[in-house]
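Q: One structure, pasted below without further comment.
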């Protein structure tokens, strides 16, 4: 029996070893990264080196597929087929400075920023002949919002081509990209791929946030106890806000009675993030949704206060 057990253990060890992929990258601390800077001899390289010296973050425009597919096990998903364009990189570095780095304190940049920010030229998903644009849509069916590509230790701008410098001059495009990268940064903090590398107490933040959501009276009478259950339904549109939501999950309109259902907790969280991101603090505090609906006010205040403790002003 002992021989059989030893044989099985040996096979398991051999299997695990054979599953190792040369594209896998070992998880490392931010300070132990493996890239040499500068990657070139351009004016924007000075800024990239300065960021690395101050905060330990590598802003890279030359990298390999394993760097963007950085996972605990081999899980190649993206294929970089063209490096970022020089003029695009110059504009992207300026964008990163003004609309990302300059928005946060030194402590946040040192301790909470990702290890890498990658700038890709043409980025493809596996077996896809159409390159990614600049963001990936995610969220509830009727409430899609854009996110950057992200991984265990990086956020990636996937379309830094020769036309990026022109596109970023468009105020609407720039605003959308600014929202996307800062939204993705919060997502990077709130949805770590493993608790071992979590940088903040993300579960407590979102659970406290979710505790302010309410259940409709009829759903409560039917025994619903989870405000994020698809059985948490309401039949008047205005009840959306009274229950503490900004977006619904689904809207049933095929036959009466028409009804709305609660969103899932993550979509609810990011809808509030969007609500806060897209207005000044003064606008938020005078917004009727904030002033007239206590659950919405409580959720906003919780997010503002919690992230402020980490040095992040939403």
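Q: Rounded to the nearest 0.05, what FRET efficiency do residue 173 and residue 103 have when you use their Cβ-Cβ distance and R0 = 22 Å?
A: For R0 = 22 Å, the calculated efficiency reads 0.75.
Q: Find the Cα radius of gyration of the range 202-309, compare it with 2.2 N^0.38 Å by division, and give the number to two decimals.
A: My calculation over the Cα atoms of the range 202-309 gives 1.08.
Q: Suppose each label sits 7 Å from its Cα in the direction of the beta carbon; what would the residue 309-residue 43 distance come out to in nanometres?
A: A separation of 4.4 nm, rounded to one decimal place.
Q: Provide 148, 190 in ascending order of the number of other Cβ atoms located within 10 Å of each residue's Cβ, fewest first.
A: 190, 148
Q: Right, here's the next one. Treating only the Cα positions of the range 155-233 as identical point scatterers, give the base-10 log of I(q)/I(0) from the Debye formula at each q in 0.15, 0.18, 0.19, 0.25 Å⁻¹.
A: Ignoring solvent entirely, the Cα scatterers give -0.77, -0.86, -0.88, -1.08.
Q: Right, another one. Considering the Cα positions of the range 240-280, please state its Rg to one decimal place and its Dmax as a whole number of Å.
A: Answer for the range 240-280, Rg first and Dmax second: 12.2, 41 Å.
Q: Need one number: nm distance between label points at residue 289 and residue 208, each 7 Å from Cα along Cα→Cβ, rounded to one decimal.
A: About 2.3 nm separates the two model spin labels.
Each reported figure results from applying straightforward, stated rules to the coordinates on display, with no laboratory input. Keep in mind that what you see is a predicted model, and the values were worked out from it rather than measured. Because the Cβ atoms are built from the backbone with ideal geometry, glycine has one as well, and the counts that use them run over all protein chains shown.
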